[in-house]
Amino acid sequence: MAGSLRSLGFPPPFVNRGGVPRLALYQTSCAPCRQTHGAASAIPSLSSECRLVTRRPRATGGSDEVDGDRQFNAKDFSSQELFLWAKPFLDFVRKNFLPLALVSGVSLGLAYPSLGHVAGRYPMSKFSTVGIFFISGLMLRSEEIGAAVEAWPAGVLGLISILLITPFFSRVILQVHLNPHEFVTGLAIFCCMPTTLSSGVALTQLVGGNSALALAMTIISNFLGTMTVPFSLAMFVGGVGVSIPTMQLFKSLVMTLLVPLVLGKVLRDFVKSVAIFADQNRQYLSMTSAILLSLVPWIQVSRSKSLLLTVRPEVFATAMIMGAYVIHHCYL
């Protein structure tokens, strides 16, 4: 081959036997090429312009390198196939992270109650609430506060329904006969309570609602609830032996709701990097809030497992359906 190219006026291509890409410089029609290699233009099969052709390296070490490339390609294809298979599952987990976290907390409490007993020795519920409201402060944009102020009619309607209307449902709940009767009493007390501290805000963030309005309704309803709940219990439930330490509860709400919320908002407004981090990781912060929220049912179920096992499954299922679906459906 080299001799044939020399006879045509071409220098032989550079060939490296060590496995490095072989370069062949074919020069045909550009002016320097014609001056140096006059016979090149007479070859019709060659290109009409200068080209630098790079040939892919061939395996010089036998079939081992080829097999290695094939194995690498097979692994790469398998990883891509695995990702395509797992993507719908990951999307489902991301969209339903909060209910999955709550179900996981309940399941863990039923399966391994000893872990929940150990966690219950520490103020995990208070830590969970503080963490959720601190994260809410980090994620709270100033324009969202303006949107919450503009939606004040919805906020007022929500507070009226929470504190004045829904307690009337406790009278209806008390007409249901379940054994043990504590299920009915608990549902009746539930109807008189203000908004839950954590789940309302977390659910609003999950569906992309007005989280600032949810925060305002949660805080205001709980502070007003320290004054309205005793009257609601006495009027609608009565004789349940429930006493509410108003001042102690008021101080606890300030420390677990207002302080972490304000601290998170101040950090967001005065530290630019914190605001950027919170905006870029809103989804992960919401997931963290969901994990913190799942700590509460985990600990409570772990503590109550021994009592739950003494209840007939159909009675427990009836109480769950009443609390999770019937009451909320009537509210809606």
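For LYS87, the lysines whose Cα comes closer than 16 Å to its Cα, not counting residues fewer than 8 places off in the same chain, are LYS95.
A convex hull fitted around the alpha carbon atoms of segment 187-332 yields 149 Å³ per residue.
Between ASP91 and LYS272, the simple spin-label model (points 7 angstrom out along Cα→Cβ) gives 3.7 nm. Measuring nothing but protein heavy atoms, the accessible surface of segment 106-245 at 1.4 Å probe radius is 72 percent carbon and sulfur. In sequence order, segment 183-199 has phi-based couplings of 4, 5, 4, x, 5, 5, 5, 4, 5, 8, 7, x, 4, 4, 5, 10, 5 Hz under the Karplus curve 6.51 cos²θ - 1.76 cosθ + 1.60, θ = phi - 60°, and Gly or Pro positions carry x. Shape call for segment 147-251 from the C-alpha gyration tensor, a ≥ b ≥ c root eigenvalues: rounded (a/c under 1.5), prolate (a/b greater than b/c) or oblate? It is prolate, given that a/c is not under 1.5 and a/b is the larger ratio. Whole-Hz Karplus values for segment 217-233 come out as 5, 5, 5, 5, 5, 6, 5, 5, x, 4, 9, 8, 4, x, 5, 5, 5 Hz, taken residue by residue from phi with 6.51 cos²θ - 1.76 cosθ + 1.60 and θ = phi - 60°; glycine and proline positions read x.
The values are calculated or read from the model by the stated rules, or taken from the named source; none is laboratory data. Worth saying up front: this structure is predicted, and the values here are computed from it rather than measured. Using ideal geometry, Cβ is built from the backbone for each residue, glycine included, and neighbour counts are taken over all protein chains shown. Ligands, DNA and RNA are stripped out before the accessible areas are found, and what is left, the full protein with its side chains, is counted by its heavy atoms. Shrake-Rupley method; radii C 1.70, N 1.55, O 1.52, S 1.80 Å.
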